[in-house]
Amino acid sequence: MNPTAAAAIAEQIQYELNRDFYPEGFPTLPQIPGGRYTSEAFYQLEMDRLWMRSWLVAGREEEVPERGHYKLFERLGKAVIMTRGADGTVRAFHNTCRHRGAPIVGETSGKANLLVCRYHSWCYDLEGRLMRVPEEHDFGDFDKSQHGLLPVRCEIWDGWIFLNFDPDARPLKEELGQLVDDLAPMNMANLRIKGRLSYKINCNWKAALDAFLEAYHVKAIHPQTVATLLDGKGTAIAMFNGGHTRMALPKKHSAAGGTWGTEDFERYDIAGVPPVFRENNCAYGVFPNFVSPFDSGGFPFVTFWPTAKGKCECELIFVGAGPEDETAENSEYWKTFVANYDKIQMEDFQFLAGIQKSLESGAFTGMTLCYQERRIYWMHEEFDRRIGIENIPPALRVEQLLTPFITA
Ligand code: FES
Ligand SMILES: [Fe+2]
C-alpha cells in the first residue's frame, strides 16, 4: 500500500473516532429493494450478466504445483478443469468432452499427463488440444484441431487462480485496480494454505455477503470475539472503481500482529507487511463475491456462491506464512486460528436464514442502510451497472448515488 493511502486510513480512523454527527454532504441512502434477494428474475440476471462476466477466485496455484496437476472448479452450474501445462502456465477448460459431452476428469483434483475422456477415450493434451481419437477414420471429414477443449479465461493474482466465463473480459489486474498495489506487501504468492471452512446457508448469497461489509453489527453479535480485538467506532471505509471496497478497523491490543487471540504469532508473521496492516484489520471486498481481512498473521479468503435464489455456500481458504508443512491439521496456531474464525462465522450466520424468511414472507420489503453500511450500497450499485440498469425491472433497481465518493 502506498504511504498516501495508509495516511488517509489513519486520518479517516481519527475522524470516525471523533464523529458524532452525520457526515456533511453524504446522501441518506435509499432502501435496497427486498426483491433483489427473492426475485427469480433478478437471480437469473445475476447468473447471466454478473457471474458469467466477473473474475472469480477459483483456487490457489499451489493446488496445481506441477505439470499435469489439475483441480476442478464446480460452482454456478459449471465444471472447469484448471491444470498446469508443460510450460508451467495454468490454464482452464470446460470439463466437457467435445465428442458427446462426458466429463473428462471425474476426481476433484489429481495429476495426469494427458486428459483422457473415460467414455470413448478421446485424448487431449494439457493445452486442451485433441490429440487422439480412437478409430478416427470413422468420423469421415473430421478436423481434430477444431475439437480441442473449450477454454475458460484464467489469470493469476499473487498465487490465486481466477476464472472468467466472458472471453472478452478485461484483464484481471486491470479489473482489480488499486487492490493489486495495496496488497502486494502481503506476499500472497509465497503463502500456503493452512486450513479451510465451508458452510451451506439458507439465504440469498448477497445477504451473507452483506454481513461482511459493515462493522455496525460488531458490538451486538460479536461482543466476546471481534469486539474485544477491534474498535468498530474507528471504521475507515474506501469505495473503489469496479465495486471493490476497503474497510480498516483499528486493533485494540497489540500492533505487532496476532489475530483472533492466537499466540506465538511472530513465528507466523508475513515478513515485510507495513504497519497499516498491523495496526488495523484491513478487510477488502473484491467484486463480486469475496472479502478478506488481511493480516500479517495470516487470513482467509472468504467467498460466497449462490446455489439457488435463497441458498448459498460460503468458503474460507486460510493462507499464511511460517513452516510450510504446518496446517490446522497439525499446528496449534492454525487450529486455533481456524477455530476462532469458525466461531465468528457462526455468530455472523445466525440471522441469515431468518432474514431470508422475512424477505420471502413479504413482511420485510427492503433494507434501510446507514452511513456505516455504505459498502453494501456501493456493491449493489455496481451489481446494477454490471447487469445493465436498463435490464433490471425499475422496482428492483438501486439509485446510482455514490460515484462522487469513490476513493481515487
Ligand atoms: S464423450 Fe468423450 S470420448 Fe465420447
Ligand atoms: Fe461479523
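Coordinate-derived values only; no laboratory data. Remember, it's a predicted structure, so these values are computed and weren't measured experimentally. With ideal geometry, Cβ positions are generated from the backbone for all residues, glycine too; neighbour counts draw on all protein chains shown.
Laid out as a table, the results:
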| item | result |
| --- | --- |
| Dmax and Rg, reported as Rg then Dmax, of the chain (C-alpha, Å) | 22.6, 79 |
| Cβ-placed point charges (K, R +1; D, E -1), dipole of the chain about Cα centre in debye, nearest 20 | 660 debye |
| Cα shape, region 114-227, gyration tensor, a/c 1.5 rule | prolate |
| Over the chain: helical MRE at 222 nm, DSSP H runs n ≥ 4 each giving -39500 (n - 2.57), nearest 500 | -6500 deg cm²/dmol |
| Interchain or long-range residues, amide H under 5 Å from residue 230's placed H | 252 |
| For peptides 51-58, 323-330, sequence by mean Cβ density within 10 Å, most packed first | 51-58, 323-330 |
| Bins of 5 Å from zero: percent of alpha-carbon pairs in region 260-403 | 2, 7, 13, 17, 18, 14, 10, 9, 6, 3, 1 |
| Between region 33-67 and region 170-205, the alpha-carbon center distance in angstrom | 14 Å |
| Charged-residue dipole, Cβ positions (Lys, Arg, Asp, Glu), region 56-159 about Cα centre, Debye nearest 20 | 240 debye |
| Other-chain or far-sequence residues with amide H under 5 Å of residue 148's (modelled H) | 130 |
| Average projected area [Cα convex hull, region 56-159], square nanometres | 6.6 nm² |
| Cα centroid separation - region 125-148 against region 318-342, whole Å | 46 Å |
| Highest-MSF residue in the chain out of 137, 222, 380 [GNM, Cα springs under 10 Å] | 137 |
| Partner lysines for residue 311 [C-alpha distance under 16 Å; skip if fewer than 8 residues away on the same chain] | 200, 206, 357 |
| Set of lysines near residue 194 by C-alpha distance (under 19 Å), chain-local residues within fewer than 8 positions excluded | 71, 335, 343 |
| ³J(HN,Hα) computed for each position of region 232-241 - Karplus, 6.51 cos²θ - 1.76 cosθ + 1.60, integer Hz, glycine/proline x | x, 4, x, 4, 10, 10, 10, 10, 10, 3 |
| Built amide H within the under 5 Å cut-off of residue 59, gap 5+ | 161 |
